[in-house]
Structures are given as structure tokens and as C-alpha cells.
């Protein structure tokens with residue numbers, strides 16, 4: 001389930017050790033609002049209480065993903081971004097596990113056939129990587145970029161059985 005209202009208010013964070021390093025999961029208490037990759041600046045530490053159920057469920061689903069036991073996620077999410085970014089991020093969730101598409105194809109899917117760079121920039125601002133699988137978008141002439149770095153993108157694709 002994905003909503004697109006803008007988040008405001010307190011946040012909760014939870015670290016999760018994974019094969020790609022320590023992720024930090026972020027929630028408003030009800031929905032997932034961010035996943036911070038090991039290479040990204042961390043969010044300000046959230047509330048000091050027990051992690052809300054949405055973070056525990058997200059952690060379980062990510063552990064299953066890395067164990068190759070899960071191919072789809074079912075986590076309530078909320079995107080905070082521009083209308084165009086939200087459209088791109090929503091479209092990313094339709095790219096099946098174990099497949100890739102080009103930035104040009106993603107641009108066509110969101111009605112901007114001349115906008116592969118714009119969708120690439122939206123990908124780079126994806127607040128919920130892995131679950132919103134921006135790693136499944138590749139350049140027409142190679143793997144393309146990734147906010148977590150190319151080795152991380154290759155690892156995520158390899159987890160899904162895709163050689164990059």
C-alpha cells in the first residue's frame with residue numbers, strides 16, 4: 001500500500017544489518033517513510049521507544065528478501081517528494097523481481113519519453129530504496145548509477161538473479 005501525503009511529525013528509526021551493510025529504517029509510527037543505505041547520511045535519531053510494528057515488519061521482509069525468500073514487499077509506505085517523483089517511484093514498484101528496465105523505458109512508462117535524465121534524477125532521490133526498486137533501472141549502455149554505489153546495485157541485482 002502506498003500513500004502520497006507529505007510526512008510531518010516525529011519519526012522512529014531502526015537499524016538493520018544486511019548483506020549490503022547497515023540500513024536505517026525510518027517510520028512516522030504508522031508507515032515506512034525512508035530506508036537509508038549504508039553510504040547515505042543517517043537521519044536524525046528518532047524516538048527512543050520500541051520500534052513500531054511497521055519497522056519490525058519491514059525488517060522481517062527485508063531479511064526475507066536478502067535470503068531470497070521474498071520477491072514482493074507488502075509494507076505501508078508514504079512518499080515525500082514532488083508529483084513527478086512520486087509518479088516515478090510508484091512506477092518502480094511495478095518492475096518485477098529479477099528484471100530490469102532502462103531509464104528510457106521508465107520515462108516512457110510515466111509519459112515522458114524524452115525524459116530519461118529526469119527519471120534518473122527521481123530515482124536518485126528515492127526515499128525507500130530496495131522496496132521501491134530503483135536498482136532495477138539500468139542505463140541503455142550499461143548498469144547506470146545508484147545512490148548506494150555500483151557494487152551495492154550489482155549485489156542487489158545478483159540477489160534477484162540478474163547479472164550486471
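Readers should treat all values here as calculations from the given coordinates under stated rules, not as data from a laboratory. Quick caveat: nothing in here was measured; it's all calculated off a predicted structure. No Cβ is skipped: glycine too gets one built from the backbone with ideal geometry, and neighbour counts run over all protein chains shown.
So how compact is region 82-159: Cα radius of gyration and Dmax in angstrom?
Reported Rg and Dmax, both Å: 11.1, 31.
Quick one: angle between helix 53-66 and the longest Cα principal axis of the chain, in degrees between 0 and 90, rounded to 10, please.
Approximately 40 degrees, to the nearest 10.
Please build a GNM for the chain, connecting alpha carbons under 10 Å apart, and tell me which residue among 59, 67, 139 fluctuates the most.
Among 59, 67, 139, the largest GNM mean-square fluctuation belongs to 67.
Between residue 50 and residue 141, with labels modelled 7 Å along Cα→Cβ, what's the label distance in nm to one decimal, could you check?
Inter-label distance under the simple model: 5.5 nm.
Provide the percentage of antiparallel DSSP beta bridges, counting only those with both residues in the chain; round to the nearest 5.
Working: 12 of 17 bridges.
The antiparallel fraction comes to roughly 70 percent.
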